[in-house]
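The values are calculated or read from the model by the stated rules, or taken from the named source; none is laboratory data. What you see is a predicted model, and the numbers here were worked out from it, not measured in a lab. Here the Cβ is made from the backbone with ideal geometry for all residues, glycine too, and neighbour counts use every protein chain on show. Please note that ligands, DNA and RNA were not included when accessible areas were found on the heavy atoms of the full protein model with its side chains. Shrake-Rupley method; radii C 1.70, N 1.55, O 1.52, S 1.80 Å.
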Amino acid sequence: MRIVYITRQLPFGRDEAFLVPEIEALLGDGHELLVVPQVSRRPLVHDDIAAVLARTRVLPGAGVIALAALVQVGREPGPTLRSFWGLRRTRPHWRGLLNARAAAQGVWVGRMAQSWGADHIHAHWADLTATLAMQASQTSGIPWSFTAHRFDIVRNNLLTEKLRSARFARFIARETLALAARLVPPSAMARTM
C-alpha cells in the first residue's frame, strides 16, 4: 500500500520521535510511505532519521499552496467551496484561519498524493494535520484516517466532521477514546479504534 503519512513536523524538530518506530514498522511490512510534515522550518535533530528523510516531501511555500487552492476552486468549485465553508464551524473562530491554511495545504497534498499514486492518507493528530488530510482526501478521492492523541482531542477541532469523514480513527489509549466520546455525538464514533 502506498501511504501519504502526514506529521506535524517529523522528521524536523524533536517532538514526534515516537513516530519513527511506527514508520519503520510500516516500511518493514512492505508499505511505501511518503512523509509530509506540515511544518518543516525546524532543524533536523534525530540520528536515526535517514529512512524517514529519504521519504519526506516538504510542503511548498504559501504562494504555491494558494495557487493550488485557487486552481482547485476552478476545477471543482462546488465541493471545494463547501469544504472551506464548513470550516466556519471551528471554535474559537480565530482557529478557523489556521484550519483554512491547513485545508489549502490539503489541496496541494491531495493533488500530490494522486500523482504519486497513493492508496491512503494518514495523519497523526486530530487537529490541524487532520484538517489537512481531510481536505487532501476530499480533493483526491483517496481515503484517509488519523491517529488522535490527547491535546488534539481536547481542542475538538471539527472532531465530529473528521470522525465521520475518515475511513477510521485510531486513539492511542482507551482514556482518549472515552474523552472523544464525551465530545462528539455517538454516531460519530462508529469508525474508531
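A few comments on the model shown:
- For the chain, the relative contact order works out to 18 percent when only alpha carbon pairs closer than 8 Å and six or more residues apart are counted.
- Taking every protein chain into account, the accessible area of the stretch 50-94 amounts to 66 square angstrom per residue (probe 1.4 Å).
- Distant-in-sequence amide H partners of Ala123 (H built 1.01 Å from N, under 5 Å): Ile6, Ser145, Phe146, Thr147
- Measuring nothing but how far apart in sequence close Cα pairs (under 8 Å, 6+ apart) lie, relative to its length, the stretch 143-193 scores a relative contact order of 45 percent.
- Amide H to amide H, with H built 1.01 Å from N, Gln38 comes under 5 Å of Thr7, Arg8, Gln9, counting only residues 5 or more places away or on other chains.
- Probe 1.4 Å - accessible area at Asp48, Å² to nearest ten: 100 Å²
- Taking Gly61, Gly96, Gly86 as the candidate residues, the one with maximal mean-square fluctuation in a Gaussian network model of the chain, Cα springs under 10 Å, is Gly61.
- Whole-percent carbon and sulfur share, accessible surface of the chain, 1.4 Å: 58 percent
- Accessible solvent surface per residue of the stretch 129-193, calculated while the other protein chains remain in place, 1.4 angstrom probe, Å²: 45 Å²
- Percent of C-alpha pairs per 5 Å bin in the stretch 1-102, short distances first: 2, 11, 17, 17, 16, 15, 13, 8, 1, 0.
- The Cα trace of the stretch 86-135 gives Rg and Dmax of 11.5, 36 Å, the first to one decimal, the second as a whole number.
- Evaluated over the Cα positions of the stretch 46-193, the convex hull gives a direction-averaged projected area, one quarter of its surface, of 9.7 nm².
- Sequence-distant residues sharing a close amide H with Glu32 (under 5 Å, placed H): Arg2, Ile3
- The stretch 20-75: trypsin sites (Lys or Arg not before Pro) in DSSP coil with no more than 10 other Cβ atoms inside 10 Å: Arg41
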